[in-house]
Amino acid sequence: MAVVSVAALVLLLTTFHCGCDGNLRFASYYGDHMVLQKSPQKAVLWGYFGPEGAQVTVSLSGPINQKTSSATVTKGIWQVTLNPVDAGGPYTVTAASHNSTVNLTDVMFGDIWLCGGQSNMYFNTSQIFNASEELALSAKYPHVRPFMAALRMNETELIDLIEVKLPWSVPTASVVGEFSAVCWLFGRYMYDKLKYPIGLVESCWGGTPVEAWSSLRALRQCGLEQNEDSPKEKNSVLWNAMIHPLLSMTIYGAIWYQGSIAFKDSARSVYSVPDGASVGFFTLPGEANADYHRDKYNCSFPALIDDWRMAFYQGSGGQTALDFPFGFVQLDTYKDGPTDDGFAEIRWHQTADVGFVPNPRMKKTFMAVAFDLPDKTSPYGTIHPRDKQDVAYRLTLGARAVAYGEEDVPFLGPFPRQIVSTEMFLIITYDQAASVTPSKDIFEIFCSVSKHPHGPESQWVPAAMVTWGPTTVQLSSTYCQPPGEVTALRYAWKDSPCDFKACPIYSASGILPAPPFIVSRYPDRGNIWKSY
């Protein structure tokens, strides 16, 4: 028997006044060719109907026939939850009441992944390297189905999308060409592994700070209340219009890709602004949070993940997992050569200042490191690299290991397990075998006789790699005088630390780059640093 999520429905109705025309219909993000979440989770279906108190019955016909109990129309809204359906299809979903009937055809059941973030998630498949080859493959993946929310914002939480840019579609070259490259590639790669339908829901907007995608509830946890004096801060307006409406949808997981640039002529083709939309916060140079509430990102990003999980769980009546897997791309590159620490700090903050995920603060998350994939000649701006295949593949490895529990799938690059300092050297022991190429300056040390942790104005000096083994790297500390007074160490702490796939430290396979890190000899808590 179907379960009607009354509590979730009432919660949503408190933020929505039905303006529907009274005809029986599904909500905006249901349609022909769509993917609904497969078993063991249950798919939620809802829509509109005029007569208050009317009964709407939803049935499923196809490989397995299923008829739900009726849902009662409340304030113009009906909602039902299907029994679990195994992966496959196609199905026809029928909603019926009185003399009204509406159908959804060619519906598949599989896993639904939400794709969010900024312009590198919005970046179209037609703009990537080898786009023609990728688009030619699209017809071979009829069970990977894309959907895209239109770019809209709102001052209050909405129950339904204002507009749909791309309804659920069977992939073709023209459809996939205008769809998120990372989202599409991730879905295609996952289909190659899972062999059942994948639904991809794109809801992202370039140049936007994390605050716009966060509920006020999440922002309060980090002390980020609305500041009316700042035109850049439009707290929650994209959460309200582009995420909150999706909460009733049962999803399997989400991926997120940060990295965006201000509206400039060279990059204008990457995304567009709807007529009449305010774009006050779409004017930040580089990634939106590299200059805006940067010091709060180690709170605001984990808080967004936690809040999305809670909200989707409640909105779907408990069908979306409370700890659904969340993958993200670590911020990529923008400017070559030395710059300020904005990008490096955001990369660190994306991991809640741990350096890798999953970790105790960010459980069931996975990360794709991307700073070794610069594209200095990208016609869309250097912050929009065209190699999205490697990004999606690295995300896929994380999803296989973390989201699907596949064993023996490496998805993390080497990370320091121990640092030993001697009179002349620092010896880093990594947590796995590493492929090492020498570098004179990608490692940096901070020298101080005061034994205080490094501060924001610290002066860092290079620490050249002198020897290395299967799991160790030895660095020279002779730039410090005396050499033994090294108080901090960092790796790849630059906007663009290395050339394409040419960072010094990779996994033994050479596929997964070591993520950046910063560590103090005298931390407030914990220590992997030992002196001899």
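Bear in mind these aren't lab numbers, they're just calculated from the coordinates by the rules spelled out. These figures come from a predicted structure and were not determined experimentally. FYI the Cβ positions are ideal-geometry reconstructions off the backbone, even for glycines, and counts take in every protein chain you see.
A few points about this structure:
- Rg/Rg_ref, the range 293-396, where Rg_ref = 2.2 N^0.38 Å and atoms are Cα: 1.21
- Amide H partners (placed H, <5 Å) of residue 328, local residues excluded: 256, 366, 367, 368
- Theoretical FRET efficiency, 1/(1+(r/R0)^6), r = Cβ-Cβ of residue 409 and residue 361, R0 25 Å, to 0.05: 0.65
- For the range 210-224, putting each phi into the Karplus relation 6.51 cos²θ - 1.76 cosθ + 1.60 with θ = phi - 60° gives couplings of 4, 4, 5, 9, 9, 6, 4, 4, 5, 5, 4, 4, 10, x, 10 Hz, in residue order, rounded to whole numbers and with x for Gly and Pro.
- Protection proxy ranking, highest mean first, for peptides 64-73, 299-308: 299-308, 64-73, where packing is the per-residue count of other beta-carbon atoms within 10 Å, averaged.
- Close amide H contacts of residue 77 (hydrogens built in the peptide plane, cut-off under 5 Å, sequence separation of 5 or more or a different chain): 49.
- Nitroxide proxy distance, nm - points 7 Å out along Cα→Cβ at residue 432 and residue 225: 4.5
- Relative protection proxy for 402-408, 315-321, 109-115, from highest mean packing down: 109-115, 315-321, 402-408 (other beta-carbon atoms within 10 angstrom).
- Check: the range 135-203 dipole with +1 on Lys, Arg Cβ and -1 on Asp, Glu Cβ, in debye: 500
- Stretchable slack from residue 500 to residue 466, in nm (0.36 nm times residue separation minus alpha-carbon distance): 9.9 nm
- Angstrom value of the Kirkwood radius, inverse mean 1/r, which spans all Cα pairs in the range 70-217: 17.2
- Under 5 Å between amide hydrogens, built in the peptide plane, is the criterion, and for residue 86 it picks out 39 among residues at least 5 positions away or on other chains.
- Net charge contributed by nearby residues that have their C-beta within less than 13 Å of residue 461 (K/R +1, D/E -1): -1
- The phi torsions of the range 514-520, fed into the Karplus equation with coefficients 6.51, -1.76 and 1.60 and a -60° offset, translate into couplings of 5, x, x, 8, 9, 9, 9 Hz, rounded to whole numbers, with Gly and Pro shown as x.
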